[in-house]
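After the C-alpha cells below, expect a handful of questions from me.
The values are calculated or read from the model by the stated rules, or taken from the named source; none is laboratory data. Just so it is clear, the model here is predicted, and its values are computed rather than measured. Ideal geometry is used to build each Cβ from the backbone, glycine not excepted, and the neighbour counts take in all protein chains shown. When the accessible area is computed, the model is the full protein with side chains, heavy atoms only, and any ligands, DNA or RNA have been set aside. Shrake-Rupley method; radii C 1.70, N 1.55, O 1.52, S 1.80 Å.
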Amino acid sequence: MSAAVSSPPADPFAAYAAADDRHDECFAADGTVRPHWAEFLRLLGPDPAAALRSAHAACQRAVVEQDVSMNVYAGERSAVQAWPLDVVPFLIAPDDWAVLSAGLRQRARLLNEIFRDLYGPQRLLKKGTLPAALALANPHFLRPCAGLGRPKDVMLHTCAVDLARSPDGQWWVLRDRIDAPSGLGYSLQNRIITRQSLPQVFNRAPVERLYDFFRGFRTSVTELSPHRHGIDPRVVFLTPGPANEAYFEHAYLARYLGYPLVEGADLTTRDRQVFLRTVGGLKRVDTVIRRVDSSFCDPLELHGHSLLGVPGLVNAAHGQRVAVANQLGGGALETNGLLAFLAPLAREVLGEKLQLPSVATWWCGHEDARETVLGRLDSLVVKPTFRLPGPSTSRFGQLLDAAQREKLAAEIRARPFAYCGQERVHLGTTPSWTDGALRPVPFILRLFVTWQDGDYRVMPGGLTRFHPDGDDAIVTLQQGGITKDTWVLRSGGADPAPLPPTVPLADQVSRAADTPSRLADNLFWLGRYLERTSQLTRLLGKLDPLLRDEIAALDPAVAGAAIRLLLDIQGAPIPPGAKLEELDTLLDASIDNPALPGSLATNLNHLIRNLDQAKVRLPPEAWRCLRLLRQAADSPEPPAALELAPHLAALEAIVNETLAHDLAWRFLMLGRHLERGQQLVFLARHLLGGNVAAPAPAPAAGASRPPVPPPAPAVPAVPSEFRLQSLLHFADSLFSYRTTFHGMFQPAPVIAWLFSAPENPRSLRFLADQMDQHLAALPDDLAPRAVSALRATAFRLVSRVRLLDAAALVAAPGQSAAFFNESYATLAEISDRVTQVYFTHAETPGARTT
C-alpha cells in the first residue's frame, strides 16, 4: 500500500495583484505584507487558503441559516435578498484607529453644534460662515423644526461616516449619514457571523469587542429621556416597516437592545406627548430611536402624504416631552456642499483644526468654486448639492464626452447652487475572498459614532463595502455591493473581561401590558394563518392515503365529500353535479390559485407576511423557517404539501416550545386555538352534515365575518364507520381515539372525543379551556366592560362543550346542527371581540395613559 501524498498548501495570494496607484491594506509599497495582515495569515494556520475556503463556506451557510437579508428595490417593488458578506474582515491597525477615532469624535461634536445652530439661533447663517442658500434652499431643511436646537441638547445622537483611503494612505471622509443612519445592526450581525466562521483567528487576535459600545449605546438612549430621573424610561425603535431595505437590521437591533420595534401607526400624540398603543392602553413614550427619514416622521407638519410617521411628533418634540434620536431635521446636514465648509466651521465653532479632512469639494454656489469646477469638468465628479431619492446621479467627468460635458456645464451655470464638484478618490484596496483566492478590491469604510457619557464614542468596528467587480465608482449594496466585518486591532494584551451589566433591573423586566396593539394583532393572525396553512397542508397530504384505503370502496361518497371539503376550505366554486374526476381536477388547480381567498398559496403568502411583521418577537429558528417558506412561495412550481409540512411543523414547535409565555405569546396561541376550533367545527359539519363555513381571511378593522356561509352537502343520517374514521383522520385525532376506544367507531363516542373530551388536545373542549385561560390573562385596563363581555362569551363556549351530551346530539340531527352552528358563531364572536377590544387602536373613553 502506498502512502497518501498530501498536496502542498496553496498560495492564497496567487491571484493577488495590488495596483501601483492605490493604497493596499495588505501589501506595503515595497511588496511586503503589513504586520497586522501577516499576523492574521499566521493565525489561519499552515494552509491559509484552505482555512479561508472552509471559513467562506461556513460564512455563506450562516447567512442562509440565520436568514440575514436585505430588501433590494426593483422599480416600485422590493425583493428579499441574502445579505452579501465576505468572510475576510477588514483590519484596522492601532495607529490608524487612533487617527480615525479622534477625528470622528471631533467631527460628531462639530456636526452636533451645526445641527443645533441651524435649528436654533442660526448664528452661522447670520455670519455667513455657512451660506444661507446651502442651508435654507435644501429641501431637507424642515422649517417646522426651527426652534428644536436648544442649548446643550443632543441633536445628533448617532451618525455614520463613510471613509476612503487615498493613494498616499490619507483617510478622507466621503459623506456623513446623519438623519437616519443605517448599518449599525448589520455591523453587529457581520461580527457574529465572521466570529463564528473564523473562531481560531478571532479568539486569538487582539480584536476590540463590541459589547461595551452597545451597552453604552443603550445607557445613552435612556439618558436622553426627559423623564429619566426616578422613572424607568420607555424607549421605542421606530422603523418604516418590512418593505424598507434595512428592515432586517431594524428588527435585529431592536431585539438586541431590548426595545419594542414600532411603526408610525403604533404611536399617537396627546397633549404634546407621544404614546404607544398597547393592549393595555396608551403608554407614554420617553425616547424614540428613529430610522424613518425626518420628512416622513409627521404627516401633520412635514410630508402630508406619509403613512410612516406620527401626527403631532414635531409638536411633541417642541414641547420637550419626548426625546428623538436623532432629532428631526438632520437631513439638512447630509448635503454634499457642507463638506466644502467643514474646515472653516471647525475653526469657527470648535476653535480647532479639522482633524479628519473631507474629500476636496467645491460648492458651485460660490463663483470662484464654480469656475474651478467648470475648468476641471474632465477630472472631477459632479454631484447634486442636495440628497435626492433613488439611485446616485453623480457624473464622472472623465467618463463623459465633450458634448456631455458641455451640457453639464450649461446645467451648472443655470442652477449653480444645485451642484458640487468633488475630487475623485481612487479608493484603496483590501483583500477579499473572491473565486477561491484573495484578490484586492476597492472599499469604502463606514464607521459609527454615538453620544455616550457626555461625549461621542466611535464603535470599534464598522461596515466595510466593496463591489465584487472591483469598480470603485459604484459601491452600493442595492447595486451588487458586498460587505465585510471590520476588526479594530489593539496594540497588545488580552481582551478584558466583560464588565457586569449596569442596566437597572427595572429596565430589563418586560412590561406585560406594553405589548403594542399592532404586534398583538400580527401575532394573533400569525397564529391563525399558521394553523390554517398547517391544517390545509395536512389535509392535502392525508387525502391520497385516505382515498387509497381499501375500505374506501365501502363508502365511495366519502371521496367526493373529502374533495368538496378541501375545495370549500379554499373558497373554490364547485359546479353543481360535478363528478369525482372533475372535483379532483378542480382541487389541483385551486392549490396554487392566488385569486382564491383560502387557497394554499394565498394562506402561505398571508403567513409569510405575518411572520415578517412579527419577526422581532421570533427567535432565529423561526427566521430560518420564514426563509424556507418564502422560497416555496416564490418557486414557479405550486406549493407542495409534503414539502411545506416539515417547515410548518418546525414553526409550530418553535411557537410551542421556544417563545416566552408572555402576553404576546398568548395572543398568538389564542389565534391558533380559535382557528383550530373553527376548523374542527367546519370539518365535523361538512362530513356529518350541517351549515358551517370555511375559515375566512382576516376582515377589515371593525368588520365582522358572517358566522353561517353556504350549507354543506347532505350526508347520510347515520354516518358510516369509514366516514367517522375520515373525520377523525382529518381532525388529527384518529390515533388517540383508537388507543382510547380500541377501534370502536360509533357516532356518539367520536363526537364526544372531538368536542367534549378534556384529555384530547385537539378537542373543542380542550381548545375552549385554553382560550378561557388566555383571555383571563389579558389586561382589562383598556375597556373593562368589553373585556368582561369577551370573557363571558368564551365561558359560554366552555360551558356548552362541558355540558355536551354526545348521545343526545347524535339522536337529534336538529340539535346537532344547532350545536355546530352556535359553536362556530361563538368562536367568530370571540375573534371579533378580541379585534375590537385590542386591535382597533380606537381611543377608548377612560383609557389609561401612563
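Compute, for the stretch 560-661, the length of the dipole vector about the Cα centre, with Cβ point charges of +1 (Lys, Arg) and -1 (Asp, Glu) only. Units Debye, rounded to 20. Provide the component values of the computation, followed by the final result.
Working: 8 positive and 13 negative charges, 92 e Å.
The dipole of the stretch 560-661 has a size of about 440 debye.
Put +1 on the Cβ of each Lys and Arg and -1 on the Cβ of each Asp and Glu in the stretch 125-275; which of Leu253, Val235, Gly183 then has its Cα farthest toward the positive end of the dipole?
Val235
Can you pull the accessible area of Lys383 for me, 1.4 Å probe, Å² to the nearest 10?
Accessible area of Lys383: about 30 Å².
Got a sec? Charge dipole of the chain, +1 on Cβ for Lys and Arg, -1 for Asp and Glu; which of Leu463, Thr533, Val834 is way out at the positive end?
Val834
If you compute semi-axes √(5λ) of the Cα gyration tensor in Å for the structure shown, which of (i) 43, 32, 27; (ii) 58, 33, 25; (iii) 49, 32, 27 do you land on?
Computed from these coordinates, semi-axes √(5λ) of the Cα gyration tensor in Å corresponds to label (ii).
Using only the heavy atoms of the protein chains and a 1.4 Å probe, how would Trp433, Trp362 rank by accessible area, largest first?
Values: Trp433 20, Trp362 55 Å².
In descending accessible area the options line up as Trp362, Trp433.
Here's another thing I want to ask about it. How do Leu388, Leu530 rank by accessible surface area computed with a 1.4 Å probe, from largest to smallest? Don't skip to the answer; put the middle values down first.
Details: Leu388 95, Leu530 0 Å².
Order by accessible area, largest first: Leu388, Leu530.
Can you tell me, using C-alpha contacts under 8 Å and at least 6 residues apart, the relative contact order of the stretch 386-443 as a whole percent? Write out the running numbers ahead of the final one.
On the way: 27 pairs, mean separation 11.1, N = 58.
In percent, rounded to a whole number, it is 19.
Looking at the chain, send over the antiparallel percent of its DSSP beta bridges, to the nearest 5.
Numbers: 57 of 74 bridges.
Beta bridges within the chain, antiparallel portion: roughly 75 percent.
Can you send over the solvent-accessible area of Tyr456, 1.4 Å probe, protein chains only, in Å² to the nearest 10?
Surface open to solvent at Tyr456 totals about 10 Å².
While we're on this one: Based on Cβ point charges of +1 for Lys and Arg and -1 for Asp and Glu, what charge dipole magnitude is obtained for the chain about its Cα centre, in debye rounded to the nearest 20?
Details: 85 positive and 88 negative charges, 433 e Å.
I would put it at about 2080 debye.
Report the Cα centroid-to-centroid distance between the stretch 225-272 and the stretch 782-816 in angstrom, as an integer.
Cα centroid to Cα centroid, the span is 41 Å.
Something else: How big is the gap, in Å, between the Cα center of the stretch 189-205 and the Cα center of the stretch 317-358?
When both Cα centres are located, 35 Å separates them.
Mean separation of Cα pairs under 8 Å and 6+ residues apart, divided by the residue count of the chain: what relative contact order is that in percent? Walk me through the numbers on the way to the answer.
Values: 1484 pairs, mean separation 116.1, N = 850.
Relative contact order here is 14 percent.
For Ile114, Ile482, what's the largest-to-smallest order of accessible area, 1.4 Å probe? Present the calculation step by step, with values, prior to reporting the outcome.
Numbers: Ile114 0, Ile482 40 Å².
My answer, sorted largest first, is Ile482, Ile114.
Determine the distance separating the Cα centre of the stretch 656-672 from the Cα centre of the stretch 558-583; give it in Å without decimals.
Between the Cα centres of the stretch 656-672 and the stretch 558-583 lies a distance of 35 Å.
Helices from the chain with mean Kyte-Doolittle at least -1.0 and a Cα length along the axis of 30 Å or more, per DSSP H: which? The partial results should precede the final answer.
Values: long enough: 94-118 (35 Å, -0.27); 517-547 (45 Å, -0.14); 663-688 (37 Å, 0.35); 813-834 (32 Å, -0.14).
For the chain, where a helix must reach 30 Å along its axis and average at least -1.0, the hits are 94-118, 517-547, 663-688, 813-834.
Now for a separate question. Which one, Gln613, Trp433, Leu600, projects farthest toward the positive side of the charge dipole computed for the chain from Cβ point charges (K/R +1, D/E -1)?
It is Gln613.
Carbon and sulfur together cover what percent of the accessible area of the stretch 295-422 at a 1.4 Å probe radius?
52 percent
Probe of 1.4 angstrom, ligands and nucleic acids ignored: what's the accessible area per residue over the stretch 238-309, in square angstrom?
32 Å²
Another question, then. Using the beta-carbon distance between Thr476 and His661 and R0 = 45 Å, what value does 1/(1 + (r/R0)^6) give for FRET efficiency, to the nearest 0.05? If you can, show how the numbers build up before the last one.
On the way: r = 43 Å, r/R0 = 0.96.
The pair Thr476/His661 has a calculated efficiency of 0.55.
Let me ask something else. What is the gain in length, in nm to one decimal, between Arg347 and Ile574 on full extension, counting 0.36 nm per residue of separation less the C-alpha to C-alpha distance? Let's see the in-between values first.
Working: separation 227, 0.36 × 227 = 81.72 nm, distance 7.96 nm.
That pair, Arg347 and Ile574, stretches by 73.8 nm at full extension.
Suppose the chain between Phe396 and Ala653 were pulled fully straight at 0.36 nm per residue; how much longer would it get relative to their current alpha carbon spacing?
Details: separation 257, 0.36 × 257 = 92.52 nm, distance 5.49 nm.
Value of the extension gain: 87.0 nm.
What's the lysine pair count for the chain at a Cα cut-off below 21 Å, pairs eight or more apart or interchain? Spell out each step's value before the answer.
Values: Lys126/Lys152; Lys127/Lys353; Lys383/Lys407; Lys542/Lys579.
For the chain, qualifying lysine pairs total 4.
Could you order peptides 631-640, 16-25, 790-799 by the average number of other Cβ atoms within 10 Å of their residues, highest first? Show your work: numbers first, answer last.
Details: 631-640: 13.2, 16-25: 15.7, 790-799: 17.4.
In decreasing order of mean packing, 631-640, 16-25, 790-799 become 790-799, 16-25, 631-640.
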